[in-house]
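The values are calculated or read from the model by the stated rules, or taken from the named source; none is laboratory data. All values reported here derive from a predicted model rather than from experimental measurement. FYI the Cβ positions are ideal-geometry reconstructions off the backbone, even for glycines, and counts take in every protein chain you see. The accessibility values were calculated without ligands, DNA or RNA, using every heavy atom of the protein model including side chains. Shrake-Rupley method; radii C 1.70, N 1.55, O 1.52, S 1.80 Å.
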Amino acid sequence: MITIDPLRWLKRRRATPVAPHHHDALVGRARDIGLTGRWEMLDNLPAPDRDAVAVRLAVQVDDPLPLFRWLWRRAAIAPDHLLTLARCLRAVSDSGMLWPIRVGTALAEGRAGDIATGPVLQALLDCLPALDAALDRIVQRKRSPVRVLQRLFRALPLDLATPRLSRLAFDEATPAPLAWTAADWLVERLSATDPLDAPPATPASRLRWIYVEALRGGAGLQTLEVSEVRAALAAFADSAAGAARCERLGSAVLTNTALAPTVRLAALDLVVQQEAPPWTQIVALCSDENEAVRRGALARIGACSGREAIATLVRLALNVGAPGDVRFEAVMRLSVEARWDIAPVLQRCAIDGSLPLAAQLRAAAALARRSVNLPRMLAIIRDPQVRVEVRAAAARAAAFPTMAPHFFRLMLDSATPPPVLIGMCQALATPACRTAAQRGRLILIRLLNAARADVSLTLTIIRALGAIGGDEAVSALAPLAGRSAIERLQSVVPSDALDLPVGICLEQALIPPPMITRLRCALACAPTIAEQPTTLAQFLVNEANLVRCAAIEALTVCGGARAREAILIALRHPAAPAVAAALAVSLDTSGSSHDLLKVFADAGIDPTIRWHIVDRLAQRADGPALLRDAWTQRDLDAYGRELIIDALTRYDAGASASFLVRLASDADLAPVVRERALAALEGVTDAAFEEALVQLIGDGHLDPGLRGKAAASLPVSLTPATRAMLRDLVRTDPPPTPLLIGVLRALGRCRDAAALPIFLRYILDEHTEVAQAAIEALAACGDSSITPALVRVALSPQAGAATKLNAVEALVRLGDQDAVRLLRPYLSHRSIILQMRAFRLLAETAQIGGEAERLARDRLCPAPLRLAALNHLSAGSSSESLLAALVGDSGEDPTIRAAAASRLHAPGHVSTLVGVALDATAPMIVRSACIASLGACNATDAWLALSTLASCEEEPTIRELALHELEHLTVEPLSDRVNYGAQKRHDHDRR
């Protein structure tokens with residue numbers, strides 16, 4: 001209960017003594033008036049006597065209300081009577097509920113004179129106790145005289161009205177309707193600097209206090225916790241405040257820039273929930289200086305599907321003066337709108353050069369969601385004033401059969417830019433357009449012959465021809481699957497420039513412009529500097545491999561006898577790994593297992609192709625059986641036999657174990673073949689082959705290496721006799737090193753407890769391989785009792801570093817908690833191999849801790865170790881800060897900077913990535929990695945940054961890389977027909 005101390009408002013009055021005889025006269029006069037009820041007799045008395053008699057009458061009579069009514073009526077003529085009435089109210093114990101309010105209102109309004117004068121003010125102060133009692137009675141009623149109270153509090157001075165309004169508004173005993181009304185009156189009376197009581201404790205009262213404080217613009221909200229204010233705003237909609245107060249509160253908080261952005265966004269949530277949100281204020285919020293508020297407001301507008309919300313988004317998208325991020329996000333929301341027809345708006349956005357390029361691309365692609373928008377898209381594609389990238393995006397998205405004739409006409413137009421041609425070819429290659437595109441097959445072939453220097457366009461046309469199919473397409477694609485691909489590229493460059501470094505070719509512009517662009521991108525996208533092409537011939541070979549792969553895939557899609565014949569002809573040409581893989585996939589798709597076997601058995605085929613063929617064949621259900629049967633062919637060369645063993649090892653070692661044992665036991669075979677067969681048996685658990693392998697181990701005439709391989713290939717479960725035989729082999733004089741290693745591994749794998757003394761004997765052997773095998777055998781036994789022996793090896797000064805690290809690794813495998821401490825010194829060992837092994841073990845134990853960050857920072861560490869440390873950085877702000885620092889450090893190794901940039905996907909570091917991407921002095925490998933990370937961020941800042949980079953005309957390479965990221969970021973999510981971004985990434989991986 002909020003209480004008011006009325007004594008602080010009362011002033012001390014000087015008492016005027018009354019003569020005894022005069023007092024008796026006044027008493028008699030009061031008795032006469034009270035008996036007769038003639039209240040007008042009070043007018044015959046002087047003012048002091050009238051006051052005294054009236055007060056005595058009010059106290060003495062049973063019902064003072066007639067007196068109060070007479071004085072109230074007379075006060076309209078003689079204001080002094082109002083003062084008399086106020087003194088009477090003070091004298092009685094129960095003056096009712098309305099009379100104190102009525103008299104107090106009249107006094108405050110000045111009906112008895114200026115309130116600043118002493119008597120009037122004193123009379124008003126005299127009424128305060130009765131007024132407070134009346135307010136208490138009003139609180140207890142279900143219905144309240146709202147109009148009467150409103151008039152009272154508007155008339156009362158601020159210092160008298162504020163505590164009583166606070167009492168009504170914040171007291172938990174006040175009915176909710178009256179409390180909220182009092183809160184509104186309090187807002188009317190208070191300014192931002194007027195004092196207000198501390199926030200109450202009860203939730204409902206605290207909610208009203210927040211309402212008052214927000215609307216009057218006070219600083220009280222800033223003293224509360226942000227989470228509390230947000231929770232209060234969220235609960236406001238469910239309170240008894242009503243929609244109007246919700247809107248008032250939300251609008252007040254929205255415009256208060258001193259509050260936290262999250263609080264203002266919570267107020268926006270409250271406003272948006274109303275039936276008629278104040279869209280004008282919401283739109284103004286989209287231009288707020290705070291970025292979080294601006295984007296949060298736009299996100300909430302975009303979440304609404306009403307007509308006003310869409311109209312607001314349209315205004316924001318077309319407003320040239322609006323911030324760029326606001327316009328971009330408005331276009332993004334409009335691009336997925338399906339309820340309202342906004343095609344004219346999207347068309348305007350697509351051609352609006354003041355918008356970010358990402359927004360233009362998104363708008364152009366979004367038009368294709370409805371076929372009725374094709375005329376608008378065709379207008380964009382044909383308009384030479386529109387950016388080429390936007391025209392290409394519109395063409396790529398317009399994958400409708402009715403667009404095919406228009407595409408063919410544009411393809412015949414020499415003024416059509418290559419990016420637009422690429423977009424049209426991509427559209428024609430979609431399933432929806434394949435039938436309609438068949439009429440333009442000859443046009444595509446003609447375009448293919450003219451695009452010798454443009455590999456990007458060539459690849460797109462090849463895929464389109466493959467999707468369309470036909471004999472003409474096969475005839476055009478067949479040469480490109482073989483040697484004609486490289487000859488085609490070499491024909492457009494000077495022959496004397498093939499052996500020149502790529503730097504000279506770029507400086508002197510010795511190659512066509514499309515090749516220059518692709519060469520720069522190839523240099524920028526190479527994972528390391530060592531993988532960049534050095535000469536023009538090397539670059540052309542890489543490009544030709546892309547063309548061959550695309551032609552092979554297109555021929556596979558075409559199908560038919562002629563396409564298969566072309567594939568078989570392409571098999572006769574030397575092939576890079578990517579081309580060999582494409583040929584194998586093509587044959588696997590269209591040919592039978594016997595066809596694959598026939599190609600594999602042909603010794604004239606390129607060895608790389610044969611490896612891919614046998615790999616595909618071994619993965620088929622009948623493939624392993626065919627390969628085992630093929631072993632018997634006399635004309636099969638030695639390389640083919642090795643490929644069979646390798647393929648069976650990878651995919652069918654268990655089922656082919658008997659076959660492999662037979663090969664290992666065949667003394668007529670070459671030792672290399674027998675050794676491969678034994679190596680393939682490692683990991684086979686079938687105990688049925690134990691006897692055959694034991695025979696090989698016991699054959700003293702056999703090569704020790706083969707005997708060791710046979711021992712290492714023994715199954716996990718061994719008979720006691722075999723274990724005893726193995727122990728006997730190594731108990732006395734040590735056998736040859738290969739055999740000793742195989743026996744130790746076999747005994748360790750079967751966990752032979754009786755062999756522990758043998759293992760302990762060899763853990764410090766002078767041969768590192770033997771010591772390593774003994775240590776691994778001890779670890780495989782899983783006996784923690786041998787931990788001290790491993791610790792001695794790990795700390796032994798006689799043992800080599802590799803042996804000691806093996807011992808530490810064994811301790812880790814056994815679960816020794818202190819082994820991690822022994823690993824850390826190896827991180828600074830001079831051998832990079834040991835450093836990497838130690839780091840890998842630390843990572844496996846999940847105890848890498850801060851070592852990853854320390855190693856990533858240390859420039860003295862080898863680059864491979866630092867790269868491994870970057871891969872194992874823990875998620876968190878410290879790791880992101882480290883990555884950002886590495887990316888921005890111009891003195892850092894470019895490979896490290898590029899690796900750090902590829903892992904920096906946090907939206908908060910977009911500015912760092914953009915800064916490095918725009919830095920002309922930074923290595924291109926680092927800049928390209930930054931652009932790729934911007935594409936992976938999938939944040940508004942990243943989209944805007946990529947738009948800026950894609951508009952950088954003085955940096956063609958950066959521009960192309962940014963456009964590549966923008967294409968699959970903006971177009972791909974809207975397309976449900978073909979994944980263009982995946983195809984581009986596929987080409988990039990091949991390169």
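Which residue, of L934, L944, L913, is in contact (Cβ under 8 Å) with a residue 12 or more places away in the chain and farther than 18 Å from L883 by Cα?
L944
Select, from I101, I138, the only residue that is at pLDDT below 80, outside any loop (DSSP other than H, G, I, E, B) and either crowded, with 21+ Cβ neighbours inside 10 Å or not acidic (D, E) (or both).
Every option except I101 fails the conditions.
Summed over segment 583-607, residues that are farther than 19 Å from L643 by Cα, in a helix (DSSP H, G or I) and either open to solvent by less than 60 Å² (accessible area, probe 1.4 Å) or among the aromatic types (F, W, Y) (or both) total 1.
Checking the structure you have, find out if any residue of segment 178-192 is farther than 29 Å from A219 by Cβ and either at pLDDT 80 or above or not in a helix (DSSP H, G or I) (or both). No, segment 178-192 contains no residue that is farther than 29 Å from A219 by Cβ and either at pLDDT 80 or above or not in a helix (DSSP H, G or I) (or both). Pairing residues of segment 32-57 that are buried (at least 20 other Cβ atoms within 10 Å of the Cβ) with residues that are assigned to a loop (DSSP other than H, G, I, E, B) and at pLDDT below 75, at Cβ distances under 8 Å and at least 6 apart in sequence or on separate chains, gives A52/V18.
Return the residues of segment 608-625 that are open to solvent by less than 30 Å² (accessible area, probe 1.4 Å) and within 19 Å of L660 (Cβ to Cβ); say none if nothing qualifies.
V614, D615, L617, A618, G623, P624
A415 meets all of the listed conditions (1) free of Cβ contacts under 8 Å to residues at least 60 places away in the same chain; (2) open to solvent by 40 Å² or more (accessible area, probe 1.4 Å); (3) farther than 23 Å from E960 by Cα; (4) not aromatic (F, W, Y) but one, namely (3).
In segment 231-246, of all residues being in a helix (DSSP H, G or I) and either at pLDDT 85 or above or under 20 Å from R189 (Cα atoms) (or both), the one that is most open to solvent (accessible area, probe 1.4 Å) corresponds to A244. Look at E776 and say whether it is open to solvent by 50 Å² or more (accessible area, probe 1.4 Å) and in a helix (DSSP H, G or I). So E776 fits the description; yes.
In segment 562-582, the qualifying residues are those that are under 15 Å from I486 (Cβ atoms) and among the hydrophobic types (A, V, I, L, M, F, W, C), and the one that is surrounded by the most Cβ atoms within 10 Å (Cβ to Cβ) is V579. None of E213, E172, E228 is touching a Gly at 6+ places or on another chain (Cβ under 8 Å) and either more than 23 Å from R141 (Cα to Cα) or open to solvent by 60 Å² or more (accessible area, probe 1.4 Å) (or both) except E213. Criterion applied to I443, I461, I422 was being farther than 20 Å from I380 by Cβ, within 40 Å of the chain's Cα centre (by Cα) and not basic (K, R), and the one residue passing it is I461. Being of a type outside the set (D, E) and either open to solvent by 70 Å² or more (accessible area, probe 1.4 Å) or under 30 Å from S879 (Cβ atoms) (or both) is a property that S796 lacks. The set of residues in segment 714-750 being surrounded by fewer than 14 Cβ atoms within 10 Å (Cβ to Cβ) and of a type in the set (D, E, K, R) consists of D728, R731, D733. Restricting attention to segment 72-90, the residues that are in a helix (DSSP H, G or I) and of a type in the set (G, A, S) add up to 2. Considering only residues in segment 392-402 that are within 19 Å of L966 (Cα to Cα) and either without any contact (Cβ under 8 Å) to a residue 40 or more places away in the chain or among the aromatic types (F, W, Y) (or both), the one that is surrounded by the most Cβ atoms within 10 Å (Cβ to Cβ) turns out to be A395. For G559, are the conditions met, namely being open to solvent by less than 60 Å² (accessible area, probe 1.4 Å), in contact with a Gly (Cβ under 8 Å, 6 or more places away or on another chain), at pLDDT below 90 and under 30 Å from L643 (Cβ atoms)? When the stated conditions are applied, G559 passes them. On the basis of being assigned to a loop (DSSP other than H, G, I, E, B) and either in contact with a His (Cβ under 9 Å, 6 or more places away or on another chain) or surrounded by 22 or more Cβ atoms within 10 Å (Cβ to Cβ) (or both), does A123 make the cut? Spelling it out, it is not the case that A123 is assigned to a loop (DSSP other than H, G, I, E, B) and either in contact with a His (Cβ under 9 Å, 6 or more places away or on another chain) or surrounded by 22 or more Cβ atoms within 10 Å (Cβ to Cβ) (or both).
Of all residues in segment 845-865, those that are farther than 20 Å from D893 by Cα have Cβ atoms under 8 Å from Cβ atoms of residues that are open to solvent by less than 40 Å² (accessible area, probe 1.4 Å), 6 or more apart or on another chain, in T845/V812; T845/V820; Q847/V820; I848/F839; I848/L842. Here I529 passes the criteria (1) of a type outside the set (S, T, N, Q); (2) farther than 17 Å from W611 by Cβ; (3) modelled with pLDDT of 90 or more; (4) in contact with a Ser or Thr (Cβ under 9 Å, 6 or more places away or on another chain) except the one numbered (3). Scanning segment 453-501 for residues that are of a type in the set (S, T, Y) and without any contact (Cβ under 8 Å) to a residue 24 or more places away in the chain yields S484, S495.
Pick from segment 433-452 the residues that are open to solvent by less than 90 Å² (accessible area, probe 1.4 Å) and among the β-branched types (V, I, T): which of them is farthest from P401 (Cα to Cα)? The selected residue is I445. Screening R387 against (1) open to solvent by 10 Å² or more (accessible area, probe 1.4 Å); (2) within 24 Å of N449 (Cα to Cα) leaves a single unmet condition, (2). Using the structure shown, decide if A358 is in contact (Cβ under 8 Å) with a residue 60 or more places away in the chain, in contact with a Gly (Cβ under 8 Å, 6 or more places away or on another chain), in a helix (DSSP H, G or I) and farther than 20 Å from A311 by Cβ. It is false that A358 is in contact (Cβ under 8 Å) with a residue 60 or more places away in the chain, in contact with a Gly (Cβ under 8 Å, 6 or more places away or on another chain), in a helix (DSSP H, G or I) and farther than 20 Å from A311 by Cβ.
Pairing residues of segment 378-391 that are more than 12 Å from P419 (Cβ to Cβ) with residues that are outside any helix (DSSP H, G or I) and modelled with pLDDT under 95, at Cβ distances under 7 Å and at least 6 apart in sequence or on separate chains, gives I380/V386.
Residue-by-condition table, conditions (1) open to solvent by less than 40 Å² (accessible area, probe 1.4 Å); (2) under 16 Å from L546 (Cβ atoms); (3) not small (G, A, S):
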{"position": "L489", "(1), (2), (3)": "yes, yes, yes"}
{"position": "V493", "(1), (2), (3)": "yes, no, yes"}
{"position": "D496", "(1), (2), (3)": "no, no, yes"}
{"position": "V502", "(1), (2), (3)": "yes, no, yes"}
{"position": "E507", "(1), (2), (3)": "no, no, yes"}
{"position": "P513", "(1), (2), (3)": "no, no, yes"}
{"position": "T517", "(1), (2), (3)": "no, yes, yes"}
{"position": "A524", "(1), (2), (3)": "yes, no, no"}
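Annotation: of all residues in segment 507-531 being touching a residue at least 60 places away in the same chain (Cβ under 8 Å) and among the polar types (S, T, N, Q), the one that is nearest to M924 (Cα to Cα) is T528. Looking only at segment 723-779, residues that are over 55 Å from the mean Cα position of the chain (by Cα), modelled with pLDDT of 80 or more and not aliphatic (A, V, I, L, M) come to 8 in all.
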